[in-house]
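Here is the structure we will look at.
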Amino acid sequence: VLNDKKYLISELSDEAKAFVVEINLVDQETNQARRTLDRLVLAKEGYTARLQQILEQPDTDDTNEKPAN
C-alpha cells in the first residue's frame, strides 16, 4: 500500500521491488534504532538516579580521596 493505493509486489518492476525491499530494511533499522535509543535513555536515567543517590548520601568517608576530574 502506497498513498492508500494497493499494489501487488509480483506485478511491480524489478526496480520497484528493490525499493520495496529497501523501504522494509529501513523500517527495520529505524525500529532497531528506536529500541536502542530507548535502552540508552533508560540507562542514562538509571545512572543519573544512582549518581543523585550517591551525591545525596551523608559524607561518612573519612579518606583523603580526591574527586575524579
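List of remarks:
- Once the gyration tensor of the Cα atoms in the chain is diagonalised, the equivalent ellipsoid follows with semi-axes of 55, 12, 6 Å, ordered largest first.
- In the chain, the longest principal axis of the Cα atoms and the axis of helix 14-56 are about 10 degrees apart.
- Were the residues from residue 35 through residue 11 laid out at 0.36 nm apart, the gain over their Cα-Cα distance would be 5.2 nm.
- Only helical runs count toward this figure. For the chain, summing -39,500 (n - 2.57) over DSSP H runs of n ≥ 4 and dividing by all residues gives -23000 deg cm²/dmol at 222 nm.
- Within the accessible area of the chain (1.4 Å probe), percent carbon and sulfur: 55
The values are calculated or read from the model by the stated rules, or taken from the named source; none is laboratory data. Just so it is clear, the structure is predicted and the values come from calculations on it, not from any experiment. Note: areas computed on protein heavy atoms with side chains; ligands, DNA, RNA excluded. Shrake-Rupley method; radii C 1.70, N 1.55, O 1.52, S 1.80 Å.
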